[in-house]
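Below you'll find the structure, written out as structure tokens, and then a few comments.
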Amino acid sequence: MMPDTFVSPQVEINEALVTSALLGRGLPSEAEHHLWEAGLSYHLDDIAEHHLREAEAVAPGHAAVLIGLYRFYFYKGRLAEALDVARRCLLKAAHENGLPADWRRVRAEDAEFGRYENILARFLLFSLKGYAYLQMRLGQTEEGRIAVQKLLELDPTDKIGAKVLLGVLDRMGQDDE
């Protein structure tokens, strides 16, 4: 269990990914409308979630819809559901990048993970970061550590801040002074 004083690093999937033409490509206008309505009704959980589910029905598996679902569940504290969506994002990112479905088998040379403008590779990195963080929050620290180590393997210059998560893992169990 993560200590109550732990402040979440920014693990949401980067805003640029949401607005990217690359990831937004092919989103039907009806799904976009439902995502917009979900955002407007965020404070009304049932209505917002209904709109997200409608967007998903119109555009199942679309990155923009997955990101909307992830962010909704994450910020509502529904971490197990956010983790399920993070897994779906990882599969989507792997498919879009032509990578193995199992993120554990992805290698640094499989994509240009270090290039900021490579939005599809960053989608995988941010999805994996969210997955690692959620595993940690849900008490699966060893799985979280494995995911963080994979992040650092894929992004050795740590552009997305995986070392912050590693530091939290390394400090867990130590007495706070």
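The values are calculated or read from the model by the stated rules, or taken from the named source; none is laboratory data. Please read all numbers here as calculations on a predicted model, not as lab measurements. Every residue, glycine as well, gets a Cβ built from its backbone with ideal geometry; the counts of neighbours run over all protein chains shown.
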Per-region count, region 127-150, residues of a type outside the set (D, E, K, R), buried (at least 22 other Cβ atoms within 10 Å of the Cβ) and closer than 22 Å to Ala111 by Cβ: 8
Among Leu120, Leu124, which is buried (at least 24 other Cβ atoms within 10 Å of the Cβ) and assigned to a helix (DSSP H, G or I)? Leu124
Looking at region 96-105, which of its residues are at pLDDT 95 or above and either out of contact with any Asp or Glu (no Cβ under 9 Å at 6 or more places or on another chain) or under 23 Å from Phe74 (Cα atoms) (or both)? Ala101, Asp102, Trp103, Arg104, Arg105
Considering only region 6-60, state which residues are touching a His at 6+ places or on another chain (Cβ under 8 Å) and modelled with pLDDT under 50. none
Exactly one of (1) modelled with pLDDT of 95 or more; (2) small (Gly, Ala, Ser); (3) part of a helix (DSSP H, G or I) is unmet by Ala93. Its number? (1)
Going by what's in this entry, would Arg107 be described as within 22 Å of Arg53 (Cα to Cα) and among the basic types (Lys, Arg)? no
Can you tell me which residues in region 108-117 are of a type in the set (Gly, Ala, Ser) and in a helix (DSSP H, G or I)? Ala108
Need pairs with beta-carbon distance below 6 Å; first residue under 17 Å from Asn97 (Cβ atoms) and among the charged types (D, E, K, R) and within region 142-163, second at pLDDT below 95 and not in a helix (DSSP H, G or I); sequence gap 6+ or separate chains. Asp155/Phe113
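Which residues, counting only those in region 128-143, are assigned to a helix (DSSP H, G or I) and of a type in the set (A, V, I, L, M, F, W, C)?
In the first step, residues of region 128-143 are kept if they are assigned to a helix (DSSP H, G or I); the result is 128-137, 141-143.
Passing the criteria: Leu128, Ala132, Leu134, Met136.
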Need the failing condition index for Val164 against (1) assigned to a helix (DSSP H, G or I); (2) under 24 Å from Ala63 (Cα atoms); (3) under 17 Å from the mean Cα position of the chain (by Cα); (4) of a type outside the set (Phe, Trp, Tyr), just the number. (2)
Checking Gly61 against (1) surrounded by 23 or more Cβ atoms within 10 Å (Cβ to Cβ); (2) on the phi > 0 side of the Ramachandran plot, which single condition isn't satisfied? (1)
Of the residues in region 36-65, those that are touching a helix residue (DSSP H, G or I) at 6+ places or on another chain (Cβ under 6 Å), free of Cβ contacts under 8 Å to residues at least 24 places away in the same chain and part of a loop (DSSP other than H, G, I, E, B) number 1
Contact list, first residue from region 66-84 and closer than 18 Å to Glu54 by Cα, second anywhere and acidic (Asp, Glu) and at pLDDT below 95, beta-carbon distance below 8 Å, six or more apart or interchain, is Tyr70/Glu12; Arg71/Glu12
In region 111-168, anything at positive phi and of a type in the set (Val, Ile, Thr) is listed as none
Looking at (1) under 25 Å from His95 (Cβ atoms); (2) over 16 Å from the mean Cα position of the chain (by Cα); (3) not in a helix (DSSP H, G or I), find the lone condition where Glu153 falls short. (3)
